[in-house]
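Please read the structure below before turning to the comments.
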Amino acid sequence: MSSWNRLNSLNSLTARRIQRGLEWCGWESDAAIAIIRAGRELTNYGQYRLSRQQFIAAAAVGSLVIFAAFYLFYHSITVSCMAAILGTLAPRYRRRTLLLRRKERLKLQFKEALFSLTSSLAAGRSLENAFLSTLDDLKLLYPDPRTELLLEFQIVRFRLENAEPLEYALRNFANRAEIDEITQFVDALAACKRSGGDLLEVMKRTSIIIGEKLGIEQEISVMIAQKRFESRIMMGVPFVFLAFLGFAAPDYMAPLYGGAGYVLLTIALLLLLLCFWFMAKMMGIRM
């Protein structure tokens, strides 16, 4: 009986470790999935939760790419299958990519909201009414009701209708967004209300300055995206070249698939991975 208990305990410990490993890779627990489906928490833009379908798709694509890359180098199904296990790490990087994309979308939407807010303030509206008017403008710009900033401004409107101060509603949004420009805007609003300054003029100037900053960041992001696309093409060229030689001149490549050839291939693969890591670091500029 004691041996049976120890076996059950060992199996339970192994299962928990596997579960923690999968969660580190991006697999969400049943409790987290239930919370998402029930909509019981506001979106935290500093985190991104992959659905089960997204996790499986990312892991499958990652495993397939790694299998193909290793097979081109080693022409061994066994080695390629063992390496393909690393594809389970792909959802972690996919989650990070989707998180950054969502933040970029939110920045762009906030820039459009600032332009609308500035126009409303210039027309003589109060700050609260200007925000409500901005929500109507956003609905015209973004017909999709699931648009991130549209949902957030609807939450702000709901809180204003329940007599909650505007700066408190915006502070909650800024804390969840974790975007410097939104935090700076809310800080300026709170400081102006505390000091009793010309609120409308300060908000107009703040909106213009932050909007210009976001515009410059967007231009830089476009240039970086172009270079990132070029770097991905460069990353794929060695594998395309290797595949071409393998199919067009197999006799020429045959000496590499035996003896010291595997050592040379391994060194070449490690150097390629080092180059890929270095290029990814160069393209990973964040503003």
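Take the residues of the range 177-187 that are part of a helix (DSSP H, G or I) and crowded, with 18+ Cβ neighbours inside 10 Å: which is nearest to the chain's Cα centre (by Cα)?
Our first condition is that a residue be part of a helix (DSSP H, G or I); within the range 177-187, this holds for 177, 180-187.
From what is left, the residues that are crowded, with 18+ Cβ neighbours inside 10 Å are 177, 181-182, 185-186.
Details: Ala177: 13, Glu181: 18, Ile182: 18, Phe185: 23, Val186: 24 Å.
So, considering only residues that are part of a helix (DSSP H, G or I) and crowded, with 18+ Cβ neighbours inside 10 Å, the one nearest to the chain's Cα centre (by Cα) is Ala177.
Do we have Gly21 as over 30 Å from Glu181 (Cα atoms), at pLDDT 65 or above and not aromatic (Phe, Trp, Tyr) here?
Numbers: over 30 Å from Glu181 (Cα atoms): yes; at pLDDT 65 or above: yes; not aromatic (Phe, Trp, Tyr): yes.
Here the answer is yes, as Gly21 does meet what is asked.
Kindly list the number of the only condition in (1) at pLDDT 80 or above; (2) under 30 Å from Leu42 (Cα atoms); (3) surrounded by fewer than 16 Cβ atoms within 10 Å (Cβ to Cβ) that fails for Leu245.
The one condition Leu245 does not meet is (2).
Looking at Arg95, is it crowded, with 16+ Cβ neighbours inside 10 Å, basic (Lys, Arg), part of a helix (DSSP H, G or I) and in contact (Cβ under 8 Å) with a residue 12 or more places away in the chain? Break it down into steps so the answer makes sense when it comes.
Details: crowded, with 16+ Cβ neighbours inside 10 Å: yes; basic (Lys, Arg): yes; part of a helix (DSSP H, G or I): yes; in contact (Cβ under 8 Å) with a residue 12 or more places away in the chain: yes.
The answer is yes for Arg95.
Among the residues of the range 118-147, how many are under 16 Å from Asp198 (Cβ atoms) and hydrophobic (A, V, I, L, M, F, W, C)? Even if it seems obvious, please write down each step before you answer.
We begin by selecting, within the range 118-147, every residue under 16 Å from Asp198 (Cβ atoms); these are 118, 121-122, 124-127, 130.
Next cut, hydrophobic (A, V, I, L, M, F, W, C) only: 121-122, 127, 130.
Adding up the residues that qualify gives 4.
Test Tyr252 against the stated conditions and say whether it is in contact with a Leu (Cβ under 8 Å, 6 or more places away or on another chain), touching a residue at least 40 places away in the same chain (Cβ under 8 Å) and among the hydroxyl-bearing types (Ser, Thr, Tyr). Explain how you work it out, then say what you get.
On the way: in contact with a Leu (Cβ under 8 Å, 6 or more places away or on another chain): yes; touching a residue at least 40 places away in the same chain (Cβ under 8 Å): no; among the hydroxyl-bearing types (Ser, Thr, Tyr): yes.
Judged against the criteria, Tyr252 is not a match.
It is to be established whether one or more residues within the range 214-225 are surrounded by fewer than 16 Cβ atoms within 10 Å (Cβ to Cβ), of a type outside the set (Ser, Thr, Tyr) and touching a Gly at 6+ places or on another chain (Cβ under 8 Å).
No: the range 214-225 contains no residue that is surrounded by fewer than 16 Cβ atoms within 10 Å (Cβ to Cβ), of a type outside the set (Ser, Thr, Tyr) and touching a Gly at 6+ places or on another chain (Cβ under 8 Å).
Among the residues of the range 221-230, which ones are within 18 Å of the chain's Cα centre (by Cα), touching a residue at least 12 places away in the same chain (Cβ under 8 Å) and farther than 12 Å from Glu104 by Cβ?
Arg228 - this is the single residue of the range 221-230 that is within 18 Å of the chain's Cα centre (by Cα), touching a residue at least 12 places away in the same chain (Cβ under 8 Å) and farther than 12 Å from Glu104 by Cβ.
The values are calculated or read from the model by the stated rules, or taken from the named source; none is laboratory data. Computed from a predicted structure; not experimentally measured. Glycine also receives a Cβ, built like all others from the backbone with ideal geometry; neighbour counts cover every protein chain displayed.
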